[in-house]
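Below: the structure, in structure tokens.
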Amino acid sequence: MKVLAVIAAAGLAGAAWGASAARVNLATDNTSLVLGLTNGTWTVLHYGARVADAADVAALDRPGFAPNRMGVRKSAAYSVYGADTLNGMNAFGGLAVQHADGTMSTELKGAAAAAEEMPDGRRRLVLEMTDAARSFHVTQHFVADPASDTVETWIEIRHEEKGPVRLLRMDTVALTLPNRERDVSVLSLTGHWASESQLSVSKVARGQSVRLTSRSGVRSAWNANPAWMAGFGPVTETAGRVVGCVLAWDGSSASEIARDPTDVIELRAGVETANGYYTLEPGRELVLPKAVLTYSEKGRGQVSRNFHRWARDRHLPHGHDLRDVLLNSWEGSRFAFTEKTLLDMMDHVRAMGGEMFVLDDGWFGSGEFARDDRNRATAGLGDWVCNPEKLPRGLAALADEAVARGLKFGLWFEPEMANTRSWLVERHRDWILSEPDRPLRGGRGGTQVVLDLANPAVRDNVSKQLADVVKATPNLSYVKWDANADFMNPGSPSLPRDRQGNLWFDYTAGYYDILGRLRRIRPDLVIQACASGGGHMSYGSLAYCDEFWVSDNTDAHDRVYMQWGAGMFYPACAQGAHVTASPNQRTKRTTPLKFRFDVAMTGRMGFELHPKDMTPEEVVFSRAAVADYKRIRPIVQQGDLYRLVSPYEEPRAALMYVSADKSRAVVFQLGLRYGLNHDEPLPLRLEGLDAARRYRVVEINRSGSLHVKIDGKTLRGDALMGHGVEILQRGDFDSAVLELTAVPDGE
Ligand code: GLA
């Protein structure tokens, strides 16, 4: 890597991109993050639309103003609690440390910085900071990706103090914006089991802050997904200034969007320490999770597209691969299967055009702890060996059967968990989270407990068990990683009494360690992150996993809202969306098969039912739907998302995906409720097309009569976008899909 600039605290040694006189313009195609060193403190001079010359924003910087609530006169790039060289004292800040000598404050001085142009075109900036009075060091990293307009950032902490330090707050993002704002809004995702990714939007009044926190050790994406958008001024899908932030962390996290009495804005995101501070030994380095920031002046839609592009290009393990159409056995058979049940499912899904079969829960455990349908979910977790009574020929034979049918094979695991009724817990009672002197609380089935992933011996054991199955099953292509319990007994037998607070961080670091080891054995595996549905829906998991299970609620009506929310931050290729039986097992709602397909087609489509229960007509329809999906999946899974009509505003959703070269697009209108002569859909003004090109419009995945009168017609992008397309809705759950293909001029 070419080092283009090394900036000493005193000034800049050598000229480089965007760097001058201790100023750095970390620019992407459309944004700039300009940082400057002022009296030894790194400050933000600008975060917003791209500027060519960092000196201009430095010249426009406010000459100094009364102390604000954040306690900093200038806008710190990493705001910490403690003495502040610019303004005396910062009472807030995202890092709060009790040092080895008991001192509670920190004063970070910029020691050195290095700016580098990476071989792949990204730009890296590393700021070294050290406490003015003790050997406590913080390194702040930034990596700017020009094409996706994103900036990755993370923090490393290390020290050589005389004893351990306590990290009372340890945020990754603690950014005070240089410009004040009067109209501030926050969009975030909330939910619970079966109701993931519901949108929440609120204003932040002066002197208030919006705080998003999960307080969960495992299924942390539920209460507050570690992702949000802060809007400044009026914001819509297509207009307005928006900063987006995602945190790559599956443990307890907290974010805060604060507006002080003088309208100064502070943005924070990081690991939540409210349930336990972190104790860091001298000489050890703690790497805090990565956060990703993006900015757009084109509203929330562009912020979503920026995250999706970053995820596919820079983060997901196989971000550019197309995902298979799979059948997962869970809703079709639950625990009650034999090998014959599974082979039947394979035959049927293959006949409908499916490409993979995934065996869900119920295949493991042995003897009295077998996970079979008599004891259901009360035994076996922790014992990752095939149950010979259920599958006498074993997993490898089953995988070979799939491959013989032209299918790939996938398998469910719940590696973070155990049942007290398991051989693992029989042998290693001290490997599960528990608290001395308190009765052990059991989760699902009354016997489910969480493994102590802070314990290296536990991680080794789980990793070895996974590796053994993976190695013995060469035809395994996919792993569904589940996690169906939370910290009910929040104590780690492996951590000393005075280090119990570290569990909240070390558990999640341990989860990534095991995932990383699995990835290293089989880099080609497709891995699904699942935690009772969408509990692991985060970019922390997605550094190792290819996709997440959006929700255990597979009702297509409810999925419209959940997938709409998930799409705010996460790309379609990462959203597991399955066609299931109707009435839905959870909600009992009845929806047409076409509607269920159309909703699943907006994500990574699959099946989760027993196809033998389908009528011959449904099988014929499904075969055609799978063929349609395979044709449009490059657009859905790799294209740009444009949200047209929100289900939060209308009794329907409309969205479209456009290929990067704008030659292909697919439009979905997903009708929820129908109101005759008063709630008909309005014409959809399409987006993202090439105004000057002509597109052939074809309604696909049809069942019954057409919803548009332009089926088969060729129209220019300008009319499709400027005038709009009216798509009929004839009843509840009536949906339509249009495929648009650019045609050569003159055709
Ligand atoms: C969780 C998952 C489901 C399924 C079951 C199996 O609830 O979210 O998809 O795998 O566990 O027990």
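The values are calculated or read from the model by the stated rules, or taken from the named source; none is laboratory data. Not measured: the values here are computed from a predicted model. Counting neighbours? That spans all protein chains shown, and the Cβs are built from the backbone with ideal geometry, glycine included. Surface accessibility is based on the protein's heavy atoms, side chains included, excluding ligands, DNA and RNA. Shrake-Rupley method; radii C 1.70, N 1.55, O 1.52, S 1.80 Å.
With a/c under 1.5 counting as rounded, go ahead and sort the stretch 161-203 into rounded, prolate or oblate using the C-alpha gyration tensor (a ≥ b ≥ c being the square roots of the eigenvalues; past the cut-off, prolate if a/b is larger than b/c, else oblate). It is oblate, given that a/c is not under 1.5 and a/b is not larger than b/c. Ranking 533, 379, 512 by Cα position along the charge dipole of the chain, where only Lys, Arg, Asp and Glu carry charges on their C-beta atoms, puts 533 farthest toward the positive end. Taken along the Cα-to-beta-carbon direction at a fixed 7 Å, the label points for residue 193 and residue 588 span 1.9 nm.
Taking 0.36 nm per residue of sequence separation and removing the Cα-Cα distance, the residue 696/residue 726 pair yields an extension gain of 9.2 nm. Using the Cβ of residue 303 as centre and a radius below 13 Å, the other residues enclosed give a net charge of +2, where K and R count +1 and D and E count -1. Amide H contacts under 5 Å for residue 27: 33, restricted to partners 5 or more places along the chain or on a different chain, H placed in the peptide plane at 1.01 Å from N. Backbone N atoms of the stretch 359-393 closer than 20 Å to the 7 Å Cα→Cβ label point of residue 440 belong to residues 365-372, 375-385.
Each listed q (0.24 Å⁻¹) maps to a log10 I(q)/I(0) for the stretch 620-724, found by the Debye formula over equal Cα scatterers with no solvent: -1.51.
With a cut-off of 8 Å between alpha carbons and a minimum separation of six or more residues, what is the relative contact order of the stretch 304-431 in percent?
Numbers: 192 pairs, mean separation 30.3, N = 128.
Once normalised by length, the contact order is 24 percent.
Protein heavy-atom accessible surface, 1.4 Å probe, per residue over the stretch 311-372: 28 Å². Close amide-amide hydrogen proximity is noted between residue 290 and 248, each under 5 Å apart and 5 or more residues distant or on a separate chain (H modeled in the peptide plane; Pro and chain starts excluded).
The residues of the stretch 157-290 expose on average 33 square angstrom of accessible surface per residue, using a 1.4 Å probe on protein heavy atoms. Each label point was placed 7 Å from the Cα along the Cα-to-Cβ direction; for residue 488 and residue 281 their separation is 3.3 nm. Normalised Debye scattering of the stretch 391-475 at q = 0.14, 0.16, 0.24 Å⁻¹ gives log10 I(q)/I(0) of -0.61, -0.74, -1.14, counting only Cα atoms as equal scatterers and leaving out solvent. Spin-label pair residue 430-residue 400: with each label point 7 Å from Cα along the Cα-Cβ axis, the two points sit 4.3 nm from one another. Note on residue 56 and residue 321: the extension gain reaches 91.1 nm, defined as 0.36 nm multiplied by sequence separation minus the Cα-Cα distance. Taking all Cα pairs closer than 8 Å and separated by 6 or more residues, the relative contact order of the stretch 461-540 comes to 48 percent. Taking the Cα atoms of the chain, the ratio Rg/Rh between the radius of gyration and the Kirkwood radius comes to 0.98.
The stretch 134-165: which GluC sites (Glu not before Pro) are DSSP loop and have at most 15 other beta-carbon atoms within 10 angstrom? Mind showing how you got there, number by number?
Details: sites: 152, 156, 160, 161; in loops: 160, 161.
Of the GluC sites (Glu not before Pro), the ones in loops of the stretch 134-165 whose Cβ has at most 15 other Cβ atoms within 10 Å are 160.
Relative contact order, whole percent, for the chain stands at 10, derived from Cα pairs under 8 Å and 6 or more residues apart. Residue-wise HN-Hα couplings along the stretch 354-365, as the Karplus relation 6.51 cos²θ - 1.76 cosθ + 1.60 with θ = phi - 60° gives them from phi, are x, 10, 8, 10, 10, 8, 8, 3, x, 9, 10, x Hz; Gly and Pro carry x. The string of couplings for the stretch 270-275 from the Karplus curve (6.51, -1.76, 1.60, θ = phi - 60°) is x, 5, 7, 10, 5, 9 Hz, one whole number per residue in order, with x for Gly and Pro. The orientation-averaged projection of the convex hull spanning the C-alpha atoms of the stretch 539-588 amounts to 3.5 square nanometres.
In the chain, which whole DSSP H runs stretch at least 15 Å along their own axis (Cα) and average -1.0 or higher on the Kyte-Doolittle scale? Working shown, then result.
Working: long enough: 299-310 (17 Å, -1.60); 339-351 (18 Å, -0.42); 394-404 (16 Å, 1.22); 456-472 (24 Å, -0.16); 503-521 (27 Å, -0.09); 616-638 (33 Å, -0.27).
Answer set is 339-351, 394-404, 456-472, 503-521, 616-638.
Partners of residue 109 within straight-line reach, counting lysines whose Cα lies under 19 Å from its Cα and excluding those fewer than 8 residues away in the same chain: 74.
Straight Cα distances below 21 angstrom link residue 298 to the lysines 203, 662, with same-chain residues fewer than 8 positions distant left out.
Couplings for the stretch 137-153, taken from phi via the Karplus curve 6.51 cos²θ - 1.76 cosθ + 1.60 with θ = phi - 60°, read 10, 10, 10, 10, 9, 9, 10, 9, 10, x, 5, 9, 6, 10, 10, 7, 8 Hz in order; Gly and Pro are left as x. Of the solvent-accessible surface of the chain, computed with a 1.4 Å probe over protein heavy atoms with every protein chain present, carbon and sulfur atoms account for 51 percent.
Determine the percent antiparallel among the DSSP beta bridges restricted to the chain, to the nearest 5.
Details: 147 of 177 bridges.
Percentage antiparallel, nearest 5: 85.
Stretched out straight at 0.36 nm per residue, the stretch from residue 202 to residue 497 would grow longer than its current Cα-Cα span by 102.1 nm.
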